[in-house]
Amino acid sequence: MPGMSPPTECPTWLVKWAALTLQYIDLEKELLPAALMEKPLDGIRYDMSFARATAAGVGATRIQNLVITLDKIKYVLRQPAQCQAPFLRPLTDPEVVAHLWNGPHGVLKRMVAATSSAVGSKSAKSSSRGKGSGGEVNGGSGTISKVLAALRKDLAKTPSSAAEARNGLERVSTELRSLGAAHVAAADCLLLYARTRHWCAPEKYMPFVSEPVVLEPLAAKDAAATAAATASVKKLAATFKGNVENVMKKRYQPHFTWGQMVSWFKQTIYDPSASLSADRRGCMSLPDPESAYADHKGEYAKKERRVLLAQLARAPDKMWPTAWIWSFRNPGKVYGSPFIDDAIATSRNEAPTLAALLKEMQSMSS
């Protein structure tokens, strides 16, 4: 009812998410008929009545899946001493500085180490033939040495704010880009970190194991039927090495709530958190700085960069292919990207910034 407070087991953030999801379901139901009539789908041609009926069926299925998802999440929240906060929390300003600069998994700290390693591993080969297969990694040994020396001094100084750390990363990105094609991937990587405004980390949800589902033989009319039902249960136990109780339990991982809310529209996944790492690649989890120097053949500057920028312009929410040079170990488990920023800006009726960033990157020499 309007004005009523949500039940204690259904926190406000979950109510808000459910309301936004219902808003999406309503919008899909409104727009789907015209989309179905636009062109045949799987060889089926739709008229308006058929399209509307199909849209209604899709909407009903969506609502059913949403209800099931809410039930699953409420089950997690009911566990003793379970976290009740949203599954992601925003980072504080000092945490953002540590993440971008010189924290345990600081982006700049890792990039300086990666650049030093790349220059060191290529120096012997580069000195004999001038250029490596991916361009001049040394970019002039004197120049790169001076840049690295300056960066190491920068690392010793902690920025006073997240804004200062972002500006520092952007300056380093410009310096690395000036060293040649072999450093373009590193420059692009740092620029994406520098232009990200919102960073978050997972809340600490507790994993747990559910109580086992108990299988009871159905009531039988005679002794023969009872014996058959009992044998069926024993056969199931034998199939699972005698421990049917363990099979009937479910293990809930810490990120189950996050994964379930991402995959709310389908209920066939045993552990929805298992696919989160793939879903986050690039669009929510930016690349590991070290992977910027995994391009031993120079393909990034020659071809891959152009493909990357095209994908970001067309579908920034799409995961980055595994065939690209980038890795996404993300040891700090910190998430954010200019693409998430753009979605947040849109939700707040603010001016988006992604298009301008991509245009800027396209204008930069690779």
Problem set entry | Ala323-Tyr75 pseudo-label distance in nm [points 7 Å out on the Cα-to-Cβ vector] | 4.0
Seminar exercise, completed: Between Asn349 and Ile63, the FRET efficiency computed from the C-beta separation at R0 = 25 Å comes out, to the nearest 0.05, as 0.35
For this session: Roll a 1.4 angstrom probe over the protein heavy atoms and tell me the percent of accessible area of region 12-78 that is carbon or sulfur.
Result: 60
Problem set entry | Gain upon complete extension [Glu203, Gln362; 0.36 nm per residue less C-alpha separation] | 53.6 nm
Seminar exercise, completed: Length gained if Ser117 through Gln84 is fully extended, taking 0.36 nm per residue and subtracting the Cα-Cα distance, is 7.5 nm
Problem set entry | 10 Å binning of all Cα-Cα separations within region 264-345, expressed as whole percents from 0 upward | 16, 44, 32, 8, 1
Exercise. How fast does region 12-78 diffuse by Stokes-Einstein, in µm²/s, taking the Kirkwood radius from C-alpha pairs at 4 °C and 1.567 mPa s?
Worked result: 97
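The values are calculated or read from the model by the stated rules, or taken from the named source; none is laboratory data. Model, not experiment: these values are computed from the prediction. In this analysis, Cβ positions are derived from the backbone assuming ideal geometry, glycine residues included, and neighbour counts consider all displayed protein chains. Only protein heavy atoms, including side chains, enter the accessible area calculation; ligands, DNA and RNA are left aside. Shrake-Rupley method; radii C 1.70, N 1.55, O 1.52, S 1.80 Å.
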